[in-house]
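This report concerns only the one structure given below.
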Amino acid sequence: MTRESHRGFTLIELLVVISIISLLSSVVLTSVNSARAKARDARRITDLREIQKALEFYYDTNGSYPLGSQGSGVWSDHVQDYGNNDNYIVGLAPTYIPTLPRDPRFDEGYKGYLYNSNGTDYMLLGHFDMETIVGGDPSAVGNPPHIQALDRVCCVQPTIAVYSPGARSW
């Protein structure tokens, strides 16, 4: 009697291959998500710098900084907790910047870009939105210098800011 040989994979071999594929895919997905978070953080920094340039152009033309949509000395933004206004810096768009940017991920509650001005000084925040900073604090050792320079010393982290010299302690 001849025994027939069946070609194929055993159950153990299949399970090993499936587990290896699962492990590799989870590593790739983690890397992709990390890269997306870093890209969003880079966009936030770029957005703040672009608004900062537009604010300086506005100041050069008008002799003062524009007020926020909520008025002088009040934080303004496009999110509900801070006015829910897409034009959160009055008079800046479209003359000095095409449109006021919105946070690439957070668009609710208290997270997003906040603006405050008294006409003489201003502060612009990326409020609670940085995703990849070391230690949850922009000033922490391990963050690159361009992130450390954006730290807002008087605020809950993770918040970054650009501001005029007189607004540093707001």
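The values are calculated or read from the model by the stated rules, or taken from the named source; none is laboratory data. What you are looking at is a predicted structure, and each value in this text was computed from that prediction instead of being measured. Methodologically, a virtual Cβ is constructed for each residue, glycine included, from the backbone with ideal geometry; neighbour enumeration extends over all protein chains shown. SASA here: full protein model, heavy atoms, side chains in, ligands and nucleic acids out. Shrake-Rupley method; radii C 1.70, N 1.55, O 1.52, S 1.80 Å.
Tabulated data for the structure shown
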item	result
Length released on extending from residue 15 to residue 31, taking residue separation times 0.36 nm less the Cα-Cα span	3.3 nm
Average accessible surface area per residue within segment 69-139, 1.4 Å rolling probe, Å²	43
Rg(Cα)/(2.2 N^0.38 Å) for segment 48-141, N = residue count	1.09
Hydrodynamic radius by Kirkwood, which averages 1/r over all alpha carbon pairs of segment 10-51, in angstrom	12.7
Relative contact order [Cα under 8 Å, 6+ residues apart], the chain, whole percent	18
Kirkwood-Stokes translational diffusion coefficient of segment 91-155, alpha-carbon pairs, 37 °C, 0.692 mPa s, µm²/s	241
Per residue convex hull volume, Cα atoms of the chain, in Å³	158
Net charge of neighbours whose Cβ lies under 14 Å from the Cβ of residue 46, counting Lys and Arg as +1 and Asp and Glu as -1	+2
Range of Cα positions in segment 1-93 per principal axis (Å), largest first	101, 26, 17
Where trypsin sites (Lys or Arg not before Pro) fall in DSSP loop in segment 5-100, at most 14 other Cβ within 10 Å	7
